[in-house]
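The values are calculated or read from the model by the stated rules, or taken from the named source; none is laboratory data. Everything numeric here is computed off the predicted structure, so don't read it as measured data. When we count neighbours, we look across all protein chains shown, and the Cβ atoms used for this are built from the backbone with ideal geometry, even at glycine. Keep in mind that these areas ignore ligands, DNA and RNA; they rest on the heavy atoms of the full protein, side chains included. Shrake-Rupley method; radii C 1.70, N 1.55, O 1.52, S 1.80 Å.
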Amino acid sequence: MSIAKKEYKRITTKTLVDMKNKGEKISMLTAYDYTMAKIVDGSGIDVVLVGDSASNVMAGHETTLPITLDQMIYHAASVVRGIDRSLVVVDLPFGSYQSDPKKALRSAIRIMKESGAHAVKLEGGKEIKESIKRILNAGIPVMGHLGLTPQSIYKFGTYTVRAKEEQEAEKLIEDALLLEKTGCFAIVIEKIPAKLAKEIASRLTIPIIGIGAGNGVDGQVLVTHDMIGMTHEFNPRFLRRYLDLYNEMTNAFSQYIQDVKNGDFPSDKEQY
Ligand code: KIV
């Protein structure tokens, strides 16, 4: 059980800012369903992200683009039912906020009303400022997401490290400062050089949560299915695997199949 679990009964956006001020690192993992949310929340995680990575992990799509708002709401509502303590943040999916601030607000309101989540996350900086403002004005907390933003994968053309060049690094800093000024309570920064991420974390008063952004930030996020080794084809340098569930599960399923075929399951004790 984490140290934070004893200290904070319920995590709010304010708790995260307090953690940053105290130098206490923030832990964040993804969940897309009730059972996983219950385990992750019970372990003492600070933030549960209902990421649009559900598009890859749950639905098997190549990118995060196909997942719909209705599907995100289904995942988010399932997660919220499993949560007692963590802050639940939900990704606004591709196409639900970029084109028009009014549409962005409608999408965010649907997520909050229909899932019971606590905040939304949007990818991008200056380009989506008006959407962020409108959502914030309705009293909905917003987490930003900069760096490698997977909803823009067709613009980038590759999943390699972002902001290695000075011009992109400067734009990233400007965007981070703008998101803070606009009122975001935290920002996820994905796959950028550790030195740049550390500089951003030191210049901003809101928490910076990194994925593939080094250890100089205020917290870390990973996709749960990757860190417990349920997925095994995705092997970026930043990923630490804490379990090898792909092989553990394959062995368990093989054993079950063998037991059924051999007539060893169920035994006398396993029947009525
Ligand atoms: O969708 C997601 O899981 C995310 C994390 C990778 C930060 O946005």
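Apply 1/(1 + (r/R0)^6) to the Cβ-Cβ distance of TYR34 and ARG237, taking R0 = 30 Å, and write down the FRET efficiency to the nearest 0.05. The value I calculate is 0.40.
For the pair LYS181 and GLU166, label points projected 7 Å from Cα toward Cβ lie 2.3 nm apart. Within region 195-238, whose backbone N sits under 18 Å from a point 7 Å along Cα→Cβ of ASN247? Inside the label zone: 226-236.
Within the full protein context, the accessible area of THR250 is estimated at about 60 Å² for a probe radius of 1.4 Å. Let me check against my output: what whole-number percent is the relative contact order of the chain, with C-alpha pairs under 8 Å and at least 6 apart? Worked out over the chain, it gives 15 percent. Close amide H contacts of HIS145 (hydrogens built in the peptide plane, cut-off under 5 Å, sequence separation of 5 or more or a different chain): LEU122, GLY124, VAL188. Extent of the chain along its three principal axes (Cα atoms, max minus min coordinate, largest first): 67, 39, 38 Å. Straight Cα distances below 17 angstrom link LYS38 to the aspartates and glutamates ASP46, ASP84, with same-chain residues fewer than 8 positions distant left out.
In this structure GLU180 has an accessible area near 40 Å², from a 1.4 Å probe over the protein heavy atoms. Measuring between alpha carbons in the structure, the pairs from LYS22/LYS191; LYS155/LYS191; LYS25/LYS191 lying more than 23 angstrom apart are LYS22/LYS191.
List the lysines whose Cα lies under 24 Å from the Cα of LYS261, skipping any in the same chain that are fewer than 8 positions away. Partners found: LYS269.
Pairs from the table (LYS103/LYS126; LYS126/LYS171; LYS121/LYS198; LYS113/LYS181; LYS20/LYS164; LYS20/LYS198) lying more than 19 angstrom apart at Cα are LYS121/LYS198; LYS113/LYS181; LYS20/LYS164.
When nucleic acids and ligands are ignored and a 1.4 Å probe is applied, HIS118 ends up with an accessible area of around 60 Å². Taking a ≥ b ≥ c as the square roots of the eigenvalues of the alpha-carbon gyration tensor, region 202-272 is classed prolate because a/c is 1.5 or more and a/b outweighs b/c.
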